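Peer 1: Mind having a look at this structure? Questions to follow.
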Amino acid sequence: MINELLPGVYVHTSHIQKLQSVVLVDEKAVYVFDPCYFPDEINEIRELARSFETPNREKYLVLTHSDFDHIAGVHEFPEYKVIASSAWDESNEVHSIEKIEQFDSEFYVDREWTGKMPRVPMGDKVNHGQQKGEMTFYHAKGHTWDGLVTIYGQTAIVGDYLSAVEFPFVYTSYRAYMDTLTMFSQIFETHSIDTVITQHGPAALDKTEIQRRIDLSRDYLKRAVELVGEGMERGLSTEKIIEMGADFQYEAQPIAIGILNFHIKNIKLIHQELTQ
């Protein structure tokens, strides 16, 4: 399903993980962000983007990071130049390609290729704070090492941060994640951001909701670090710390069983960071 969120900004919601792909159009270019996940969904996104293509518009495919659910549609846009972070994580890309093959073979998803997906045809790798046309790009680390935030006018497209359906999924570093949250507060103020499009779940459509999500993410990480720190002071193992925090909540609700494993991985990673 595709909705026009703002003039020239279209959002497609996938049937899986409420993944949000974005088509953004202005006078100079068509930008497609993270086209995913199933082939029929990618085709719908492709058809929308095609309807805006003109000889005078450049065509760009922007990847918010290298996780599998965000790169599966890359090869359906062969004429689009790929934009990604200059910190692009090639090892995670390779892992993600394997994960796509595993997912597709398990759930019988047919694509134009067989076996492993070809590597991402990288175009422009952008640096932190770099401007390109009407856009400004920032690096966002913590979820992955290669997160890329795009600022366009008063809208921010932030990848897997500030989701309304997920607590912070920390794959690399909780400290880096906290730094990213601080960066969000700074750049959102600098650019007067009033809309944040996250790649999982609905967008935040006003400054109050944006700040609420920043605060929720920061509070989750703060409490998780406190839990691990308390357990370490008591000499507990990681497994015992996880047991001690069995009633850990997010937004005043128990963590759903389907994503509990991500919380457990967070606790283990925080423990590892605190012991380094």
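Derivation of every value follows stated rules applied to the coordinates shown; laboratory data play no part. All figures in this text were calculated on a predicted structure; none of them were measured in a lab. Backbone-built Cβ (ideal geometry, glycine too); neighbour counts: all protein chains shown.
Peer 1: I'd like the FRET efficiency for Thr114 and Lys59, computed as 1/(1 + (r/R0)^6) with the beta carbon distance as r and R0 of 35 Å, rounded to 0.05.
Peer 2: It comes out at approximately 0.85.
Peer 1: Next question. What shape does segment 158-271 take by its C-alpha gyration tensor, where a ≥ b ≥ c are the square roots of the eigenvalues and a/c under 1.5 counts as rounded, a/b above b/c as prolate, and the rest as oblate?
Peer 2: prolate
Peer 1: Another question about this same structure. If the limit is 23 Å between Cα atoms, which of Lys240/Lys268; Lys207/Lys265; Lys18/Lys99; Lys99/Lys265; Lys141/Lys240; Lys222/Lys265 go over it?
Peer 2: Exceeds cut-off: Lys207/Lys265; Lys141/Lys240.
Peer 1: Could you pull out which residues in segment 37-69 have an amide N less than 14 Å from a spot 7 Å beyond the Cα of Glu79, following the Cα-Cβ vector?
Peer 2: Only 46-61 pass the distance filter.
Peer 1: Just the ratio, please: alpha-carbon radius of gyration of segment 1-134 over 2.2 N^0.38 Å, N its number of residues.
Peer 2: Dividing the Cα Rg of segment 1-134 by 2.2 N^0.38 Å gives 1.03.
Peer 1: Now for a different question. For Gln276 and Ser51 in the same chain, what is the full-extension length gain: residue separation times 0.36 nm, less their Cα-Cα distance, in nm?
Peer 2: Roughly 75.8 nm would be gained on extension.
Peer 1: First measure r as the distance between the Cβ atoms of Gln211 and Gln102, then evaluate 1/(1 + (r/R0)^6) with R0 = 41 Å and state the FRET efficiency to the nearest 0.05.
Peer 2: The value I calculate is 0.60.
Peer 1: Shape of the chain from its Cα gyration tensor (a ≥ b ≥ c, root eigenvalues): rounded if a/c is under 1.5, otherwise prolate when a/b > b/c, or oblate?
Peer 2: Prolate, because a/c is 1.5 or more and a/b exceeds b/c.
Peer 1: Separate question: With a Förster radius of 25 Å, plug the Cβ-Cβ distance of Gln249 and Glu90 into 1/(1 + (r/R0)^6) and report the FRET value to the nearest 0.05.
Peer 2: Taking R0 as 25 Å, the efficiency between Gln249 and Glu90 is 0.10.
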